[in-house]
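S.K.: There's a structure below that I have some questions on.
Read-outs throughout are calculated quantities, based only on the coordinates presented, and are distinct from any laboratory measurement. Predicted, not measured: the structure shown is a model, and the values here were computed from it. Methodologically, a virtual Cβ is constructed for each residue, glycine included, from the backbone with ideal geometry; neighbour enumeration extends over all protein chains shown.
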Amino acid sequence: MLARAAPRGLIVLVTTVAALALVAAYLLARFALGRVAAAMADRGPRLVLAALAGIVILLFGVQQLPGRVSTGVTFADPVTPAYVRQARYALAMAAPGAGPPPPGSSPTLDSNLRALHGADVLLIFVESYGAVTYEMPAIAAGLAASRADLTAAVRDTGRHVVSAYVESPTFGGSS
């Protein structure tokens with residue numbers, strides 16, 4: 001599909017640039033590792049690198065304390081809790097009798113929405129980023145005025161809105 005959609009010259013150029021970028025990344029990594037290996041041979045630089053590594057580990061540990069002590073440096077949250085959650089889920093699904101319900105055991109969906117008398121219904125799913133705008137006070141405060149305007153517009157036009165959180169049956173790994 002790409003060969004038909006893009007000119008060949010552009011495909012060659014992008015492929016060449018990507019290959020050169022990989023070669024440059026390899027050479028840079030090789031140079032950096034060579035410098036680290038050379039520094040490890042001398043006691044002075046080795047002590048400096050060890051001290052810097054210790055400081056980074058200490059800052060990370062302080063950030064993980066309850067109450068989140070501010071260190072001025074922010075580290076990403078560890079992925080270990082996500083792995084533990086997934087392992088628990090996998091073990092629960094492997095247990096006898098676990099797993100999805102057998103076909104035909106789902107609840108019946110008898111409603112044909114006649115009670116709406118032909119009214120339009122919009123069903124909108126917002127990914128987890130939408131939930132964050134409610135859960136993080138700084139973001140929620142920034143959106144408060146816009147949400148008030150939306151509420152007024154919905155009310156003034158005779159419409160109604162119902163909203164809820166739905167827990168996804170899948171887990172995307174904190175995308």
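S.K.: Suppose R0 equals 30 Å. What FRET efficiency, 1/(1 + (r/R0)^6) with r the Cβ-Cβ distance, do D42 and A76 give to the nearest 0.05?
M.R.: Taking R0 as 30 Å, the efficiency between D42 and A76 is 0.40.
S.K.: Applying 1/(1 + (r/R0)^6) with R0 = 30 Å to the Cβ-Cβ distance of V162 and V84, what FRET efficiency is obtained, to the nearest 0.05?
M.R.: That pair, V162 with V84, gives E of 0.30.
S.K.: I need the shape label for the stretch 121-161. Rule: rounded when a/c is under 1.5, else prolate if a/b > b/c, else oblate, with a, b, c from the alpha carbon gyration tensor.
M.R.: Because a/c hits 1.5 or more and a/b fails to exceed b/c, the stretch 121-161 counts as oblate.
S.K.: Among L123, L65, what is the fewest-to-most ranking by other Cβ atoms within 10 Å?
M.R.: L123, L65
S.K.: By count of other Cβ within 10 Å, fewest leading, how are R147, R4 ordered?
M.R.: By the 10 Å Cβ count, ascending, the order reads R4, R147.
S.K.: Sort L58, L2 so the one with the fewest other Cβ atoms within 10 Å of its own Cβ comes first.
M.R.: L2, L58
S.K.: Pop the C-beta distance of D120 and A140 into the FRET formula with R0 = 35 Å and round what comes out to the nearest 0.05.
M.R.: The pair D120/A140 has a calculated efficiency of 0.75.
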